[in-house]
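What follows is calculated from the coordinates using simple rules that are stated; it is not laboratory data. Computed from a predicted model, the values in this text were never measured in an experiment. Note that we place each Cβ from the backbone using ideal geometry, even for glycine, and neighbour counts take in every protein chain shown.
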Amino acid sequence: MTKSRAKFDFVFVCLGKDCKKAGSNDLYKHYSKLKSLPGSKNRIKVIKTKCIDYCKKAPVLVANNEIHFHATENSVKITEE
């Protein structure tokens, strides 16, 4: 029997000038709070980034290799495993 690896969720939140104006600081705070949910300890990593060059589609975040334009708090679902 093999052990399954824990799934890790990486969320990169752009904190460039245009994304900040569009609310990316609030997105960063929201996804950072998800780290404290039951079952998510050491499984979610939220990372601040500088501009990622999608300014006209701000705010932008990247979660597990998927880009989310005009991101909201509901753009990424963090699932429990």
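Taking the Cα centre of the stretch 20-70 as origin and charging only Cβ (+1 Lys, Arg; -1 Asp, Glu), how large is the dipole, in debye to the nearest 20?
In debye, rounded to 20, the stretch 20-70 gives about 220.
With label points built 7 Å along Cα→Cβ from the Cα atoms of LYS77 and LYS20, find their separation and express it in nm.
3.4 nm
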